[in-house]
Structures are given as C-alpha cells and as structure tokens.
Amino acid sequence: MKPSFYQFTLPELQELFSKNNLPSSGPGLLFNWHYKKRRSEPCVVDLAKKSIRYVSECLDFSLPIIDTIKASEDKTVKFLFKLQDGLKVETVLIPFNNKYTICLSSQVGCAMKCSFCHTGIQGLSRNLKTEEIIGQFTESQKWLTQNRPNDDKILNIVFMGQGEPLHNFDAVKKACEIFLTKHGLCLADQKITISTAGYLPGLERWQDEMPNVNIALSLHSPIKEKRDQLIPINKRYPLEEVLKYVEAIPNGKNRFVTYEYLLIDKFNDSDEDAHLTGKLLEGKNAYVSLIPFNPFPGSPFKRPIMEKVKSFKLILDSYKIPTLIRATKGDEILAACGQLNSKAPAITP
Ligand code: SAH
C-alpha cells in the first residue's frame, strides 16, 4: 500500500524527497497546494516532472469520506466520517460569531471508560492515523467553503471528540505539527488544544515531544472517590501526579491550563465540591470550563439546573479563578461534549 501524503510532516516529506533524489523545493510546494490552497487534485504547478511522477505513483491522497452530516439550528455541524476500513468517526464544527472551532476525534471509540461519556461505552476499536486526523479538518473545511462560503473560517482546533488524544500520542503529535506548519495550514499554536482525561504516559512525553499547543485536563472532581468513579484511570494515574505534569506545560505569556469540570446533578455540583475545586486551583495558571452534563440515551446522570451551575461559578470566582460556563451547542443532534458515539443508531433532529 502506498503511504498517505497526509501522514507526513514537512521535514519527513523533505527527507523522503531527498532519499529519492527529488528537488528540495517539492515538499513546500505540495504543502502549499494541498493545505494552504486546499486543493484535492494533484499538484502540477511549479513541481518538477520527476517529482510529479513520483508523487502520483508513490503517494496516496485519499482521505476519510463524509458519510452523513447533521446540522443543527445553532449552526453546529456534525460529520460522520467513513474511514478506509469502513469504521466511522465523528467530527463537530462549533460556531462562534460566524467562525468555527473544530472538535476532532483521535480514536475510533475510546479505552478510558469514563462513566459519563457516550464514547466511553463504545470501547476502543483503534487509533486514528495522522492522515485520518488531518482529513477530518481538511474535509470539514472544504464542506464549509462549499456550503457556507461567507463564514468558512475554522480558527481553533480542539481534540475533544472521540478518543483520548494522549493514548494516540504519535499520530496526534504529528497532526499538530502539520497543522502548525508555515507552508501548510499555519495555525497559531495557541489555537490548538488537546484535552486529556489525565493519561499519564502521554503527559510524561509532552514536555519533550509535543509541539507548543494548549492543554486541557478533564478534572470533574478534586475528590479522589468521585474522580475514580467518573474517570477510572484516576485509580492508576492519580490526580496529584497528573497535576505535576499538567502544570508544567503552559508556555509563554498568558498561557494557562484549562480545567474542564463536568457538572452532574447531585453528584459533584455542591458548594463543598466548588470550594474544594477552588482551593485546589487557587493561585495556579488555571482557567475553568464548566460543562453541564449532556445526557445521551441510557446515561445514568442528570444535568443540574442552571442556578446550580451559576452558583458553582460564583464560588470559583471568589477564589479568583477565571471560569466560563460552556454553552451547550448541537445537543439536539448529539454533537455536544460526550455525546459522540459513531456506533449509536442515527437520530433525526
Ligand atoms: N478524552 C479526552 C477528550 C474527550 S471529551 C478527555 O477526557 O478530556 C472532551 C470533554 O467532554 C471532556 O472534558 C469530557 O470529560 C467531556 N464530556 C464527556 N462526556 C460528557 C457528557 N456526557 N457531557 C458533558 N461533557 C462530557
């Protein structure tokens, strides 16, 4: 099988070209053509004849195919992508003032088994390849340009779709490098955020290997017994250990760690929970994203009433921790946080 063009970072493609005695200008031209210019057809502009031949004979350009699309009233779009082996994975475009954040999946299913997550009950089928992560972006971008030409800008990438990104470290890392490449998509590093349940083997590698992108930690409770119940890997990789690594990550001025706190009715939404969270994060480079629980068919938990969410925020405010309540978008098409499950029966919005 031919290797995919979309699996290569720019230095890797340069190495491949040099190994094959091809002109060194080729990789930059190809990145510019396929990423910056967003072209799918073969690049012929300025490329040497022997490079054109090599590329067409030796590289594969196929990408995941959009299988189904669901758009909700609030302009959220959920894509179900079909991969080459027939497995499916979901990607969500979340609108903010006519611009979009794209929520990418990193695995088909997930191995973390978090009790509140629709993807968790699906189990892990396999890791996504770099080109399958890249393809979610490029194909969603092409869909936007064709269907919403006046507002087709994707400004942020969040790895908050299906899967635990740090459990698929290598492919996610390479995808980030490709997203950041100057000749390519050229996203700024503060525009990419990787969210983790606290997968320690990945966090240990982050400092030395991951490009300069943002980290978000799914905290959900500062109390061991509760976090164990929500995120089973907490038993193996305890929060104190995870925090040591996470807190060392932010790079540069104004960089912070996002702590995601899922609010579940009568489970982790009390004043005491809020005070303990405040005490844990007080004085840190922290930013809290409060996520009211998004129910899915058969889910064991409930979303708290909005007053409860607001009073939780007020308590965190008293510890001077910047806190935002994450607006729920796309929940009627099961596109909100934690509702992705590519095996679930289709729903009609
Ligand atoms: N595996 C990564 C990223 C996936 S989910 C992680 O755990 O961080 C992105 C965010 O959505 C996480 O904070 C996750 O805990 C949250 N989430 C999962 N299920 C949810 C649900 N049913 N309602 C609201 N948020 C949920």
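One line per residue, one yes/no per condition, for (1) of a type in the set (Gly, Ala, Ser); (2) loosely packed, with under 13 Cβ neighbours inside 10 Å; (3) assigned to a helix (DSSP H, G or I); (4) in contact (Cβ under 8 Å) with a residue 60 or more places away in the chain:
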residue: 6; (1), (2), (3), (4): no, no, yes, yes
residue: 17; (1), (2), (3), (4): no, no, yes, no
residue: 22; (1), (2), (3), (4): no, no, no, no
residue: 28; (1), (2), (3), (4): yes, no, yes, yes
residue: 39; (1), (2), (3), (4): no, no, no, no
residue: 42; (1), (2), (3), (4): no, no, no, no
residue: 47; (1), (2), (3), (4): no, no, no, no
Counting only residues that are among the hydroxyl-bearing types (Ser, Thr, Tyr), in a loop (DSSP other than H, G, I, E, B) and free of Cβ contacts under 8 Å to residues at least 60 places away in the same chain, segment 89-116 contains a total of 0
Taking residue 138, is it over 11 Å from the mean Cα position of the chain (by Cα), in a helix (DSSP H, G or I), more than 11 Å from the ligand (Cβ to nearest atom) and closer than 18 Å to residue 7 by Cβ? yes
Of all residues being touching a residue at least 40 places away in the same chain (Cβ under 8 Å) and surrounded by fewer than 21 Cβ atoms within 10 Å (Cβ to Cβ) in segment 200-209, which is nearest to residue 131 (Cα to Cα)? Just the residue, please. 209
Do we have any residue at all in segment 318-325 that's modelled with pLDDT under 95 and more than 15 Å from the ligand (Cβ to nearest atom)? no
Is segment 58-68 home to any residue that is over 27 Å from the mean Cα position of the chain (by Cα) and at pLDDT 95 or above? yes
If residue 333 satisfies every condition in (1) modelled with pLDDT of 80 or more; (2) crowded, with 19+ Cβ neighbours inside 10 Å but one, which is the exception? (1)
Yes or no: residue 274 away from the ligand (no atom under 12 Å from the Cβ), farther than 30 Å from residue 208 by Cα and over 20 Å from the mean Cα position of the chain (by Cα)? yes
Tell me yes or no: at least one residue of segment 129-152 is farther than 24 Å from residue 33 by Cβ, of a type in the set (Val, Ile, Thr), crowded, with 24+ Cβ neighbours inside 10 Å and modelled with pLDDT of 95 or more. no
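The values are calculated or read from the model by the stated rules, or taken from the named source; none is laboratory data. Note that the structure is predicted; figures quoted are calculated from it, not measured. Glycine also receives a Cβ, built like all others from the backbone with ideal geometry; neighbour counts cover every protein chain displayed.
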